[in-house]
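Report on the structure given below.
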Amino acid sequence: MTLHHDILPDPHLTDRRVTAVLRRAIGLGLVGDEQPVAGFLDIDGIRTSVAALHTAFSSVPDTLHTFAVKACSLVPVLRLLCELGLGCEVASPGELRLALDAGCRPERIVLDSPAKTRAEIAEALALGVALNADNLDELSRIDALRPMDSASVIGLRVNPQVGSGSIGAMSTATATSKFGVALRDAGGRRRVVRAFTERPWLTRLHAHVGSQGCPLELIAEGVAEAYRLAEEINEAVGRQQVTSLDIGGGLPVNFADDATRPTYEDYTRALGAAQPDLLGGRYALVTEFGRSLLAKNGFIAARVEYAKEAGGRRIAVTHAGAQTATRTVLMPGAWPLRIEAFDAQGDPKQGADVPQDIAGPCCFAGDVVADGRSLPPLVEGDFVVLRDTGAYYFSTPWAYNSLPRPGVHGYTADGAGQVRFAPVRDAQTLDEIAAESGAGHADRLTSLIATAPR
């Protein structure tokens, strides 16, 4: 049975939209000589993606959709998503701070992390933030820290151990995953049931199978296992103690073309096939989507600084490399990106395609975002666009070579090609790099030596 139903935008309209945005950005100096790399977010596209998510789960009356902050840890983006009806899923004190600064209400924030400190747990409980304990020892910490009047919804993450997708690093329900309580280990299920019977305030189960590389059927089976466990717990305690299921996020993204597949409707169909009662309203639901909401709604534009040849291979050296496309450079087979070529004015590059490497600025040989890609010959002053990079790519940069973090800009574009921009994150300055690298303590080590006893 095929569950996928592609949403196919008109590629000509999509291409024209990107061209109009790039041309305008070059004209305004948002990307060019002074700013050789920048990120761009399609605000209209984000609104469409969020609407599709709400529609797909509209049959479940009590659903909290949270956005996985790690997918785009930029406060203006989080503010937009909260205004569109989403909460925030956070996995660190930094992400919690960003969610609060974005205006997300504590009761619409969920804290997930396999390594929460006592201080982090206490802060979440004091704020009324929901949290999912990762293991039974963490539940013991919550026992000691939880105020009697805490408003926090508390859950326990379980590992259904249903297996791995095609990218092991993105699969969180393997037999040896670091996340959650392993249900299929000897005594694991029994210990989870006992933990709930001993804690009447423990009312949520959390399960997340993975994301990129995981088929919908695998993801849905992990969620269905959590549903069956909730039924078992409630039967054991004699009442409906588990009232909600946090089913994680994890919808994979199609990076091959403009089509959105799978869709959120595909996902809800898969959930219904795996467990028919899951969407019936017996349990409130929490979701934690990230990449699938933003990936296709963003792109990176980078200037070509040099074009050269080596060993008969043409190489375009650009300013988009491992510092911003880290996963693609380090795991090219798992995270390939579409690359498009534009001239210095931002118009699609013309000419017969030739194989060429698209390299980045980092000082190691593997800093290549595309190997032997067929594109019109790129020359100095041209631009490359890395498509489908709205999630993770420009929001979680790598500080390799102390390269500055690029600026990020949101945009809207109407049918007449009129483009408007708003700043999301300013490009990092050299002063900020120096400060981050300890410039304020520049003489402390030499002073330490100078004052040491002789």
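Worth a mention:
- For the range 360-408, the set of residues classified as of a type in the set (S, T, N, Q) and outside any strand (DSSP E or B) consists of T389, S395, T396, N401, S402, listed by residue number.
- Answer from L125, L136 - the residue that is in contact with a Leu (Cβ under 9 Å, 6 or more places away or on another chain) and exposed (fewer than 15 other Cβ atoms within 10 Å of the Cβ): L136
- Residues being of a type outside the set (G, A, S), under 13 Å from A359 (Cβ atoms) and not in a strand (DSSP E or B) - total across the range 325-345: 3
- Test result for T55, in contact (Cβ under 8 Å) with a residue 40 or more places away in the chain and crowded, with 21+ Cβ neighbours inside 10 Å: no
- Identity of the residue in the range 409-454, in contact with a Pro (Cβ under 8 Å, 6 or more places away or on another chain) and in a loop (DSSP other than H, G, I, E, B), that ends up surrounded by the most Cβ atoms within 10 Å (Cβ to Cβ): A427
- Given (1) free of Cβ contacts under 8 Å to residues at least 60 places away in the same chain; (2) of a type in the set (D, E, K, R); (3) buried (at least 20 other Cβ atoms within 10 Å of the Cβ), index of the condition D388 fails: (1)
- Residue within the range 88-99 that is in contact (Cβ under 8 Å) with a residue 60 or more places away in the chain, β-branched (V, I, T), more than 24 Å from M148 (Cβ to Cβ) and in the same structural domain as A207 (by TED's automatic domain parsing) present: no
Yes or no, residue by residue, for (1) more than 20 Å from T429 (Cα to Cα); (2) at pLDDT 95 or above; (3) of a type in the set (G, A, S); (4) assigned to a loop (DSSP other than H, G, I, E, B):
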residue	(1), (2), (3), (4)
R17	yes, no, no, no
V21	yes, yes, no, no
A25	no, yes, yes, no
L30	no, yes, no, yes
D33	no, yes, no, yes
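- Test: residue in the range 433-445 that is under 30 Å from N297 (Cα atoms), modelled with pLDDT of 95 or more and touching a strand residue (DSSP E or B) at 6+ places or on another chain (Cβ under 6 Å): no
- L81 assigned by TED's automatic domain parsing to the domain that holds Y283 and under 14 Å from F289 (Cβ atoms): yes
- Taking the range 197-300 as the region of interest, the helices (runs of 4 or more DSSP H) fully inside it that hold 2 or more residues being over 20 Å from the mean Cα position of the chain (by Cα) and among the hydrophobic types (A, V, I, L, M, F, W, C) are 216-237, 264-274.
- Cβ-Cβ under 9 Å pairs, at least 6 apart or on other chains, the range 414-426 side of a type in the set (S, T, N, Q), far side modelled with pLDDT of 85 or more: Q418/A20; Q418/R24; Q418/T412
- Taken together, the residues in the range 119-161 that are modelled with pLDDT of 95 or more and on the phi > 0 side of the Ramachandran plot amount to 1.
The values are calculated or read from the model by the stated rules, or taken from the named source; none is laboratory data. The structure presented is a predicted model; accordingly, all values stated were derived computationally and were not measured. Backbone-built Cβ (ideal geometry, glycine too); neighbour counts: all protein chains shown.
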